[in-house]
Amino acid sequence: MNWRVRALCRGGDPEMFFPIGSTTRGPGLKQAEAAKAVCGRCPVVRQCLDWAMESPVEGIWGGTTESERRATRRRLVKESLTNTANV
């Protein structure tokens, strides 16, 4: 079964997951927080995040914003490079 079928966001307002403007302040932050609250209760949040980390998607996926996923990708690359250098 596809994980998306079990996602809590499936029946909700899709606009909530695509905040307009900054997700660090103002209305965009409120939208992002509301979307993340749904993600926090979702049974497939991990699968969603895994998919979003490998896909260039906009919006809130797996309980993260685009900028949070970019930061995580950078950290993972840096850790990988550090581990490779230490071998």
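Near Asp50, within a Cβ-to-Cβ distance under 13 Å, what is the net charge of the other residues, with Lys and Arg +1 and Asp and Glu -1?
Values: positive: Arg4, Arg46, Arg69, Arg73; negative: Glu54.
Net local charge, Asp50 excluded: +3.
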- Message: How large is the accessible surface of Glu79 in square angstrom, using a 1.4 angstrom probe and rounding to the nearest 10?
- Response: 80
- Message: For the chain, take N as its residue count and report Rg(C-alpha) divided by 2.2 N^0.38 Å.
- Response: 1.22
- Surface/4 of the Cα convex hull for the range 46-87, nm²: 3.1
- Note on the structure: Per-residue accessible area, 1.4 Å probe, largest first, puts Leu29, Leu8 in the order Leu8, Leu29
- When all protein chains stay in place, what accessible area (Å², nearest 10, 1.4 Å probe) is found for Trp61? 50
- Item | Probe 1.4 Å - accessible area at Thr84, Å² to nearest ten | 100
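The values are calculated or read from the model by the stated rules, or taken from the named source; none is laboratory data. Quick caveat, the model's predicted, so the values are computed rather than measured. So basically every Cβ, Gly included, is an ideal-geometry build from the backbone, and we count neighbours across all protein chains shown. Calculation scope for accessible area: heavy atoms of the full protein, side chains included, ligands and nucleic acids excluded. Shrake-Rupley method; radii C 1.70, N 1.55, O 1.52, S 1.80 Å.
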